[in-house]
Each structure stands twice: as C-alpha cells, then as structure tokens.
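Q: A single structure is presented below for examination.
No lab work stands behind these numbers, since they all come straight from the coordinates. No experiment lies behind these values; they were computed from the predicted model shown. Note: ideal-geometry Cβ built from the backbone for every residue, glycine included; neighbour counts use all protein chains shown.
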Amino acid sequence: MDFVAGHNGMVGSALVRHLRAAGNSEPITQTRRELDLTRQAEVEAFFADTKISTVYLAAARVGGIKANSESPADFIRENLQIQTNIIEAAHRAGVERLLFLGSSCIYPRLADQPIAEEALMTGPLEPTNDAYAVAKIAGIKMCEAYRRQHGSDFRSVMPTNLYGPGDNFDLETSHVLPALLRKFHEAAVQGEPLVQVWGSGKPRREFLHVDDMASACGHLMTIPEGVYWSAVSDHCSHVNVGCGSDISIAALAELMAATCGFSGRIEYDPSMPDGTPRKLLDVSRMSALGWNASITLEEGVRQTFDWMRKHWDEVS
Ligand code: GDP
C-alpha cells in the first residue's frame, strides 16, 4: 500500500489525486490529529502497525520568502523531525520504496544556470531560506546514507517552485504566484488603482503546476530499482523536476494582472527581499528517465485562478 505523508498539503493532495487516477488502490493518509509526524514514537508505532510498501514523503513545513526569513528555527526543526522520523520508521518497517520531496532552494544561491543535480553543496546557500534548505539537504543525504548502509530504495526529487489547486493564498506565508493571484484579483474586484509587488521584479523563477509534479513523482516511483540507481549515483541520487523555462517576477506580475483583469499600476517594494536571483533547474536527468512537464504556465495559472475563485471562502 502507498502512504502519502502530507496529504492535506498542495503536493500531497495532488499525489492522492494522481494515484487514484492512475488506478492505484486508495493511498493511506493520516490527518495531523491522527498522527503527529514530529513525534518519533507515534510515527514508529504507525509504521509498525500498518502495511506500507511505498512512501511519498510530501509532509513538510513550507512557506514563501517572508515566512522562511522570519521563522527559520521552525522550518529547520519541523522538517528535520518529520523526515527523520519517517525515513527511520520506513526503514525499520521494511518499506520497499520511498520518495523524499525536497526543493530547488537546496542549491547554492549563485549556482550556474540551469542548475544540475551535481551543483548541490558547491557554494553558499541563499540566506532567506538556508535553514529550510539545510533540512532538505539532510533528507537527501539521509536517503543516500540508508541506501549505502542498508540497501534501501529511498529516492529524492527536487521540484522547482510549485503552484496550483490547494495552494496557500495567505499573503504572509505564501509563495509569489498565489500571493500575486490574490492581490491582483482583490484589486480588480475592488477597483483599486495599485498593486504592490515585493522586491525589484528582476529575480527569475521557474514554475511547475502541482499536477505535473504529482505525475513526475508517480513516474519516478514506477521506475525499477536497477534502472533508477544506474541513472543516478549513490552520492548524488536526487532528480530535479521542473518545466525547463523561467520567467521574471515582473513578467509574472503582468501575466497575473492580465489573468485577473487588473488594469491599474504595478509598484515594486524594494524594502522586501528579492531572494535568489535565478533558480532554473536542469531537468535533463528527469527527461532521460522518461518524463517531461506538460501543463503550460498560462494554462496552469488560468486553472489555479478558477480554483481560487471557487474556493474563495476557504483561501481568503
Ligand atoms: P523564493 O522562490 O524562495 O524566493 O520564494 P517566493 O515565492 O516567496 O518569492 C519569489 C520572489 O517573488 C521573491 O523575489 C519575492 O520578493 C517576489 N515577490 C513579489 N511579490 C511577492 C509576494 O507578494 N509574495 C511573495 N511571497 N513573494 C513575492
């Protein structure tokens, strides 16, 4: 049976939709009240009592640039706890295969673009999210260590910036894409003349729809053990997932304004951080493993906009 850890999050819920649509049996899920993933004893008891063959480790504390800058202790502690508990419990319970989900912020702030998997730990991290990044790097290294010591088939996947249905639209903690969708929509509806965008608008980001991400994870998990481990190495086993192209925050803001029907002025707020100047992933490893993204940014943004309006009472 599949266990999706973090099924209430944007990625976890997309994984559940994907596994259902792919005809897999209903994945096992646990609410936070049923199982606190930061508690080692609870996690071990759950794995010992439940028949789990495959784990999708999508549970994490995640957030945008403001939340990461303001609460680094929470980001490093919670993520280390959750992933350490699940990886060790999965090993003890004899889980056959595990997929650890990370993030493209694991790479050095000034990595060569597009960023290949081998760029990991070749330079200093971006300071606005280094605590979160270190937790995610530890997760990759744990999976590799369990492979080398125990022969575990524990794999890792590093997505670029994700967006889509189920995203976080809270302006204090969200990432840029849902934040701008919300800001431009509210301004358009209320007839406001101005929308503020953080930073200079110059940073570039790559965006991937969460349904593409779920399909990439499903694909990776169907690759036989020998094929996967001969495509990666024991000391660099993670696989980047992205769409292969990026866009400036200013161009993204224009797209959001057009999508939301906002025709007022866009103003940049230099008091807010820009973060990493550019984060475009090299996706050739994933491509060679037989998967490419299929949802365009325009299509994905339109669909996410429709989803946001339909769920306005929950998200606003
Ligand atoms: P990052 O990719 O880890 O830097 O995280 P974000 O998605 O939070 O931010 C990406 C970029 O978008 C940064 O340069 C932000 O300054 C910029 N940005 C512009 N407006 C906003 C906003 O309203 N919210 C967020 N989160 N970022 C914004």
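Q: Tell me which residues come under 5 Å, amide H to amide H, from residue 8 once H is placed; ignore anything under 5 positions away on its chain.
A: Those qualifying (amide H under 5 Å, at least 5 residues apart or on another chain) number zero.
Q: Note down the nm distance, to one decimal, between modelled labels 7 Å out along Cα→Cβ at residue 311 and at residue 141.
A: In this crude spin-label approximation the distance works out to 3.5 nm.
Q: State the answer as a single residue: which of 129, 161, 104 lies farthest towards the positive end of the charge dipole of the chain, with beta carbon charges of +1 for Lys and Arg and -1 for Asp and Glu, about the Cα centre.
A: 104
Q: While we're on this one: Per residue of the chain, what 222 nm ellipticity follows from adding -39500 (n - 2.57) for every DSSP H run with n ≥ 4, rounded to the nearest 500?
A: -13500 deg cm²/dmol
Q: Something else: Starting from segment 163-253, pick out the GluC sites (Glu not before Pro) whose DSSP state is loop and whose Cβ has at most 14 other Cβ atoms within 10 Å.
A: 172
Q: Now for a different question. Please turn the phi angles of segment 190-207 into ³J(HN,Hα) values with the Karplus equation 6.51 cos²θ - 1.76 cosθ + 1.60 (θ = phi - 60°), one per residue in order, whole Hz, x for glycine and proline.
A: 8, x, 6, x, 9, 10, 9, 10, 6, x, 8, x, 7, x, 10, 9, 9, 10
Q: Tell me which of 257, 226, 196 sits at the most positive position along the dipole axis of the chain, charges placed on C-beta atoms (Lys, Arg +1; Asp, Glu -1).
A: Value computed over the given set: 226.
Q: Shape of segment 1-102 from its Cα gyration tensor (a ≥ b ≥ c, root eigenvalues): rounded if a/c is under 1.5, otherwise prolate when a/b > b/c, or oblate?
A: Verdict is oblate for segment 1-102.
Q: Would you please report the Å³ per residue occupied by the convex hull of the alpha carbon atoms in segment 194-316?
A: Considering the Cα atoms of segment 194-316, their hull volume per residue is 140 Å³.
Q: Quick one: Cα convex hull volume of the chain, Å³ per residue?
A: Expressed per residue, the convex hull around the Cα atoms of the chain is 124 Å³.
Q: Let me ask something else about it. What is the magnitude of the charge dipole of the chain about its Cα centre, with +1 placed on the Cβ of each Lys and Arg, -1 on the Cβ of each Asp and Glu, and no other charges, expressed in debye to the nearest 20?
A: It comes to approximately 200 debye.
Q: Name the residues whose placed amide hydrogens come within less than 5 Å of the amide hydrogen of residue 279, ignoring near sequence neighbours (fewer than 5 apart) on the same chain.
A: Under 5 Å from the amide H of residue 279 lie the amide H atoms of 204, 206, each far enough along the sequence or on another chain.
Q: While we're looking at this one, here's another question. With charges only on Cβ, +1 for K and R and -1 for D and E, what is the dipole size of segment 151-269 about its Cα centre, in debye, rounded to 20?
A: Rounded to the nearest 20 debye, it is 260 debye.
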